[in-house]
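> The structure is given below, and queries will be raised subsequently.
The values are calculated or read from the model by the stated rules, or taken from the named source; none is laboratory data. It should be emphasised that the depicted structure is a prediction, and the values quoted were computed from it without experimental measurement. Positions of Cβ are backbone-derived with ideal geometry, glycine not excepted, and every protein chain shown enters the neighbour counts.
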Amino acid sequence: MSNAFVIRALGLGVELNGRRVIDGVSLCAAGGTLTAIVGPNGAGKTTLLRALAGLTPRTDGTLMIAGADPAQIGAAEAVKTRVYCAQRPACAWNYPLTDLANITSRPEAFADWLVKLNLEEVIDRRLAELSGGEQKAVHLAFALSQLAEPFGHAILLDEPTDSLDLRRQSAVRLALRGLAQSGAVCVIATHDFELARHCDRVLVLAEGRLIAEGTPADTLTPTVIREVWGVDLTAIPSSR
């Protein structure tokens with residue numbers, strides 16, 4: 001494999017509670033690209049993303065992120081080359097957003113991301129006072145602000161547009177594209193077909209197996225959607 005690949009995952013397998021959740025999935029992504037992992041509920045999207053982040057142990061396969069196996073280098077080293085944000089992140093501190101910046105490693109970058117994600121109007125509120133969508137945007141800002149240098153690093157986000165309004169969905173799409181253009185690899189697990197259509201590549205999962213891989217035009221086809229989701233394309237909205 002070329003060293004240009006920031007993410008090199010070959011034949012990944014994950015078993016949870018005796019059940020094979022990910023079955024032989026491969027994903028190779030170079031810097032400057034945006035990849036979506038899509039599939040129905042229970043397809044294994046979150047598990048695959050967590051395995052890529054080194055947070056869920058794999059039972060087989062090989063994985064390299066920025067030249068290192070996250071399972072071998074430990075969390076402190078892994079966070080230097082990858083960012084992960086869960087679908088429903090939690091925070092133990094109910095601070096105003098202005099104070100929340102003080103517990104980040106890069107408070108100025110956090111403040112910049114709050115502006116990019118249209119949160120400046122709620123910056124004096126406490127985290128618990130925000131709507132679900134606003135809280136999700138804050139956690140995205142917190143995660144993305146940790147990465148000092150996007151180039152050659154991996155950004156792994158689970159449902160980054162979930163609960164967001166249209167304005168913030170658009171802001172997230174622009175932010176992800178900007179990070180990719182800066183040389184990062186962005187991999188997202190999503191149910192948002194509009195976001196997936198803005199990606200360079202799409203992986204379609206079903207029951208932990210890779211069903212299709214390629215450009216959005218090649219993978220989000222009526223045939224694939226009918227096979228995987230069991231519905232006609234006309235039943236899938238073009239935006240959220």
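> Please work out which one of (1) without any contact (Cβ under 8 Å) to a residue 60 or more places away in the chain; (2) out of contact with any strand residue (DSSP E or B) (no Cβ under 6 Å at 6 or more places or on another chain); (3) more than 16 Å from Val187 (Cα to Cα) is the condition Asp60 fails and give its number.
The single condition Asp60 does not satisfy is (2).
> Which numbered condition trips up Ala154, out of (1) modelled with pLDDT under 95; (2) closer than 28 Å to Arg19 by Cβ; (3) surrounded by 15 or more Cβ atoms within 10 Å (Cβ to Cβ)?
Here Ala154 meets the rest and fails (1).
> If I ask for residues that are assigned to a strand (DSSP E or B) and more than 22 Å from Cys199 (Cα to Cα), which ones from the range 16-37 would you list?
Passing the criteria: Leu16, Arg19, Arg20, Val21, Ile22, Asp23, Gly24.
> Hey, another quick one. Based on what the data block shows, is Leu114 under 19 Å from the mean Cα position of the chain (by Cα), part of a helix (DSSP H, G or I) and either surrounded by fewer than 17 Cβ atoms within 10 Å (Cβ to Cβ) or touching a residue at least 24 places away in the same chain (Cβ under 8 Å) (or both)?
Numbers: under 19 Å from the mean Cα position of the chain (by Cα): yes; part of a helix (DSSP H, G or I): yes; either surrounded by fewer than 17 Cβ atoms within 10 Å (Cβ to Cβ) or touching a residue at least 24 places away in the same chain (Cβ under 8 Å) (or both): yes.
Judged against the criteria, Leu114 is a match.
> Right, something else. Would you check if Gly39 is touching a strand residue (DSSP E or B) at 6+ places or on another chain (Cβ under 7 Å) and either over 18 Å from Glu213 (Cβ atoms) or crowded, with 19+ Cβ neighbours inside 10 Å (or both)?
On the way: touching a strand residue (DSSP E or B) at 6+ places or on another chain (Cβ under 7 Å): yes; either over 18 Å from Glu213 (Cβ atoms) or crowded, with 19+ Cβ neighbours inside 10 Å (or both): yes.
Answer is yes for this residue.
> Working carefully through the options Gly42, Gly13, find the one that is in a strand (DSSP E or B), more than 14 Å from the chain's Cα centre (by Cα) and modelled with pLDDT of 95 or more. Working first, answer last.
Working: Gly42 fails: in a strand (DSSP E or B).
When all the criteria are applied, what remains is Gly13.
> Return yes or no: is Arg177 surrounded by fewer than 18 Cβ atoms within 10 Å (Cβ to Cβ) and not in a loop (DSSP other than H, G, I, E, B)?
It is true that Arg177 is surrounded by fewer than 18 Cβ atoms within 10 Å (Cβ to Cβ) and not in a loop (DSSP other than H, G, I, E, B).
> Let me spell it out: the conditions are (1) within 28 Å of Gly67 (Cβ to Cβ); (2) surrounded by 17 or more Cβ atoms within 10 Å (Cβ to Cβ); (3) modelled with pLDDT under 95, and Ala148 meets all of them except one. Which number is the exception?
For Ala148, the exception is condition (2).
> Please go through the range 84-100 and give me each residue that is free of Cβ contacts under 8 Å to residues at least 40 places away in the same chain and not charged (D, E, K, R), ordered by number.
Residues satisfying the conditions are Ala90, Ala92, Trp93, Asn94, Tyr95, Pro96, Thr98.
> Determine which member of the set Glu134, Glu108, Glu121 is more than 26 Å from Leu166 (Cβ to Cβ), assigned to a helix (DSSP H, G or I), among the acidic types (Asp, Glu) and modelled with pLDDT of 90 or more. Steps first, answer last, please.
Values: Glu134 fails: more than 26 Å from Leu166 (Cβ to Cβ); Glu121 fails: more than 26 Å from Leu166 (Cβ to Cβ).
Glu108 is the lone residue from the list that is more than 26 Å from Leu166 (Cβ to Cβ), assigned to a helix (DSSP H, G or I), among the acidic types (Asp, Glu) and modelled with pLDDT of 90 or more.
> Consider Ala196 against the criteria (1) in a helix (DSSP H, G or I); (2) touching a helix residue (DSSP H, G or I) at 6+ places or on another chain (Cβ under 8 Å); (3) surrounded by fewer than 16 Cβ atoms within 10 Å (Cβ to Cβ): it satisfies all of them except one. Which criterion is unmet?
(3)
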